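The next block holds one structure in the form of structure tokens; read it before the comments.
The values are calculated or read from the model by the stated rules, or taken from the named source; none is laboratory data. These numbers were taken from a predicted model, which means no experiment stands behind them. Glycine gets a Cβ as well: all are built from the backbone with ideal geometry, and neighbour counts include every protein chain shown.
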Amino acid sequence: MIDYKELFTIVAIVISMVSGMMAAVLSVQSTRKKRQEAKMQYDNLLKKIELEQMRQELENKIYDINYKLSEDNIRWNKINHLVYDAQKMNFEKDSFMKNKYFDIKTFIENMGIDENTLEFNSELVFMVTPFQDLEWETFVTVREVCLDLSLKCIRGDEKHIKGEILPSIIKSILEARIIVVNLNGRNPNVFYELGIAHALGKKTILISKFGEELPFDVKSKNVILYKENSELKIKIKEALFKAVL
């Protein structure tokens, strides 16, 4: 005679064992999957770090090449003649929201800037500069001089911006009294922002590291050429002092 109670007990034990084995298999698979995902994340992070290091190395090499290309008079003039010609124009009057040939309101709107938040700051100097470690000391030099003259100097990456940084940079250009532009490294973003500053009629001071004698007609055109930051400190102080008079 079949003992159903004993049979049910055996079946329950078997089911329990099978369930335990399946759970163990699933646990192993889950652990393996998590390890694979963790390894993938680690590999991706490592690749990003390696790519960032490679990018910085390449940018530094490009910076050095561009500097060498502009070490003498002929090369400097050939490379920078457009921005220099524009710099010779007369931008003596602040034209904040007053340029009759340029639809500033539409430009501001297209940039996603609220016109009502704009406020001209007579003590603000905005520095257009490459965001490279190589140019940090240049920015610090200009900022220290500004502090000595009771001016505030900022650059585009100092604010914590969610989303695109360009509207914030344009807003700072609009609000600043003076724009200092660092041409070192021939950074395309710098030239773009300089073009906007010129179009808006802002007072601009260009600075550029230079290897040899000054180009023949640069000295009086708000273009500062220097070899060391100690020389820049003296020249930028004089230029800023004249600009705020």
Restrict the check to the stretch 213-232 and report whether at least one residue is modelled with pLDDT of 80 or more, in contact with a helix residue (DSSP H, G or I) (Cβ under 8 Å, 6 or more places away or on another chain) and more than 21 Å from F191 (Cα to Cα).
yes
Which one of these is among the aliphatic types (A, V, I, L, M), touching a strand residue (DSSP E or B) at 6+ places or on another chain (Cβ under 7 Å) and within 17 Å of G195 (Cα to Cα): I170, I178, I154, I108?
I178
For the stretch 185-197, check the following and say yes or no: at least one residue is assigned by TED's automatic domain parsing to the domain that holds F131, farther than 18 Å from D157 by Cα and of a type in the set (G, A, S).
yes
Cβ-Cβ under 8 Å, sequence separation 6+ or interchain: first residue in the stretch 190-205 and within 17 Å of D103 (Cα to Cα), partner part of a loop (DSSP other than H, G, I, E, B) and modelled with pLDDT of 90 or more. Which pairs?
none
Considering residues of the stretch 152-163 that are touching a residue at least 12 places away in the same chain (Cβ under 8 Å) and surrounded by fewer than 20 Cβ atoms within 10 Å (Cβ to Cβ) only, the residue farthest from L225 (Cα to Cα)
D157
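Looking at the stretch 156-181, which of its residues are in a strand (DSSP E or B) and touching a helix residue (DSSP H, G or I) at 6+ places or on another chain (Cβ under 6 Å)?
I178, I179, V180, V181
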Looking for something more than 25 Å from Q56 (Cα to Cα), crowded, with 16+ Cβ neighbours inside 10 Å and modelled with pLDDT of 85 or more - is there at least one such residue anywhere in the stretch 187-195?
no
